[in-house]
Amino acid sequence: MNLAELFISTAARQPDRPAIRMDEAVVGYRELDEASARVAGLLAREGVAPGDSVGLMLPNVPEFPVVYYGILRAGAVVVPMNPLLKAREVSYYLSDSGARVLFAWPAAAEEAHRGAAGSSAAVVVTNPESFATVLGEFEPEPAVVDRQGSDTAVLLYTSGTTGQPKGAELTHANLVRNAQVTNEELLHLEPGDTVFGGLPLFHSFGQTVSLNTAMATGATLSLLPRFDAGAALDLMARHHVTALAAVPTMYAAFVGQADAPALPDLRVCVSGGAALPVEILHRFADRFGCPILEGYGLSETSPVACFNHANARKPGSIGTPVRGVEMRIVDEAGTPVPAGEVGEIAIRGHNVMKGYWRNPEATDTAVTADGWFLTGDVGRCDDDGFFYVVDRKKELVIRGGFNIYPREIEEVLYEHPEVAEAAVIGVPHPLLGEEVAAAVALVPGARATADEIRQFVRSQVAAYKYPRMVWILDGLPKGPTGKIQKRDIVPPAEAEDAATDPDTPKERK
């Protein structure tokens with residue numbers, strides 16, 4: 001088994017169909033197959049053996065799938081890296097993974113070279129003007145190296161919210177099966193489909209739901225190197241995109257576009273990576289005529305674990321487990337809880353990672369002896385078997401002994417017509433332990449004040465839940481996949497666009 005076979009078998013069936021499109025440039029399946037075989041030849045020249053790691057530090061450009069599948073067909077392990085990483089971060093990824101080669105985009109070349117200094121990794125700058133010429137110097141290696149299903153295909157580093165990032169070992173079996181099930185149960189792609197390629201391909205969501213499913217079915221992947229809502233909508237209209245995979249902040253940006261084009265070809269929309277506010281779900285469907293199917297997964301689960309389906313969905317839910325995957329809600333002792341009760345989401349199935357690279361302690365903490373991956377997400381399951389994410393376990397706010405789940409408050413914030421983005425966090429309080437605070441960004445042209453927004457939420461939730469502190473930003477900080485990064489939100493000490501409830505208890509002197 002080799003993940004590269006998903007793509008290579010398609011190239012053999014329909015070599016002349018377009019595989020990758022970026023703007024007006026089109027790469028056919030035959031071209032992609034030959035170029036990836038030459039990447040395998042380059043790696044052979046560099047002494048890369050099956051099982052060796054190879055870094056891939058490229059944005060969403062045609063060279064990404066060329067190198068990605070070239071590494072895989074050589075039997076090596078792909079180490080996807082954000083092209084915005086700095087030298088210190090690059091050095092960690094290379095040293096931890098033991099990468100032999102690093103393919104870097106020209107804009108990232110300086111940081112790549114600095115990060116590779118002192119390591120054994122050779123840096124290959126993947127310049128689009130010369131890369132084809134460089135590859136032409138190497139004999140193609142058309143044969144695909146056989147790998148076991150349990151062999152690692154991709155070493156995907158987690159975001160590192162606590163300590164250094166950990167490398168999740170995703171196997172060939174993990175990724176092949178997850179792509180197949182995602183298409184069979186969710187996307188239903190065919191050769192005539194065009195998939196939106198705006199999700200970062202260095203992330204598991206973009207790899208499985210966009211790249212691998214498209215290449216396995218003979219669809220066309222239409223790439224967008226840098227996300228911009230206006231440019232994305234224009235691309236989808238011009239390229240007749242039929243399948244859209246995006247994160248909630250992208251959908252929020254789409255509904256905020258005043259002059260968005262119609263998207264009559266859009267057939268299926270899926271959301272993942274973070275909780276999708278129900279209000280955004282409804283606004284998008286009303287605006288573009290295509291419902292969003294929300295799902296759930298993590299880097300460690302390849303990533304798809306569960307999804308709403310076209311014939312069975314509940315707004316606000318993350319759906320039901322996909323075929324071959326089990327999910328349950330457990331308490332602190334790991335015991336399943338009854339339907340409706342809140343606990344930690346646990347997952348078991350073909351999608352769960354092999355483990356954390358060279359980190360058996362972290363693996364044993366995250367994966368039980370009988371194969372259940374403990375996600376760290378708080379959720380519940382209803383009587384119909386639909387799952388709901390309540391919040392991240394670590395983001396729970398405990399105010400005066402009361403548990404407050406930020407997502408519940410964020411849902412209310414998104415119901416305000418002038419709120420474009422919202423994030424609720426806990427801030428230290430001398431008497432209550434934590435206080436609820438909210439950072440928001442407004443839609444263009446909006447004039448709502450922080451106090452008005454605070455009062456709006458106050459009217460919708462119990463008195464202990466509403467955010468006593470609200471402040472307005474131009475935009476909320478986001479990670480590489482577009483997910484709002486709460487750890488980077490810092491409450492202002494004093495600001496004209498912030499409001500604090502005067503009834504908040506003060507520290508007694």
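Each other residue within a Cβ distance under 11 Å of ASP16 adds +1 if Lys or Arg and -1 if Asp or Glu, for a net charge of +2.
Near THR152: Cβ cut-off under 12 Å, other residues only, Lys/Arg at +1 and Asp/Glu at -1. The net charge is 0. Taking Cα atoms only, the orientation of helix 87-97 departs from the longest principal axis of the chain by about 70 degrees. Accessible surface of TYR157, taken over heavy atoms with a 1.4 Å probe and every protein chain present, rounds to 20 Å². Any chance you could check the Cα centroid distance between the stretch 107-155 and the stretch 374-447 for me, in angstrom? When both Cα centres are located, 41 Å separates them. So, counting K/R as plus one and D/E as minus one, what does the shell of residues with Cβ under 11 Å around GLU137 add up to? That works out to +1. In whole percent, and with a 1.4 Å probe on the protein chains, what portion of the accessible area of the stretch 218-364 is carbon and sulfur? Of all accessible area on the stretch 218-364, carbon and sulfur atoms account for 51 percent. Tell me the angle of helix 406-415 to the major Cα principal axis of the chain, expressed in degrees between 0 and 90 and rounded to the nearest ten. Roughly 80 degrees, rounded to the nearest 10.
[x] 185; [y] 158; [z] 149: which one is volume of the Cα convex hull per residue in Å³ as calculated from this entry? Recomputing volume of the Cα convex hull per residue in Å³ here picks out [y].
With every protein chain kept in place and ligands, DNA and RNA left out, what is the accessible area per residue of the stretch 83-194? Probe 1.4 Å, answer in Å². Could the numbers behind the result be given before it?
Details: 5190 Å² over 112 residues.
Per residue, the stretch 83-194 has an accessible area of 46 Å².
Tell me the angle of helix 63-73 to the major Cα principal axis of the chain, expressed in degrees between 0 and 90 and rounded to the nearest ten. The answer is roughly 70 degrees.
For the stretch 8-51, carbon and sulfur atoms together expose 48% of the accessible surface, with a 1.4 angstrom probe and every protein chain in place.
Given a 1.4 angstrom probe, what's the average accessible area per residue across the stretch 355-502, in square angstrom? All intermediate terms of the calculation are to be shown ahead of the outcome.
Numbers: 7100 Å² over 148 residues.
Spelled out: the 1.4 Å probe surface of the stretch 355-502, per residue, equals 48 Å².
The values are calculated or read from the model by the stated rules, or taken from the named source; none is laboratory data. Since we're looking at a predicted model, the values are computed, not measured. Reconstructed Cβ throughout: ideal geometry from the backbone, glycine too, with neighbour counts over all protein chains shown. Accessible surface is based on the protein model in full, side chains and every heavy atom, while ligands, DNA and RNA are left aside. Shrake-Rupley method; radii C 1.70, N 1.55, O 1.52, S 1.80 Å.
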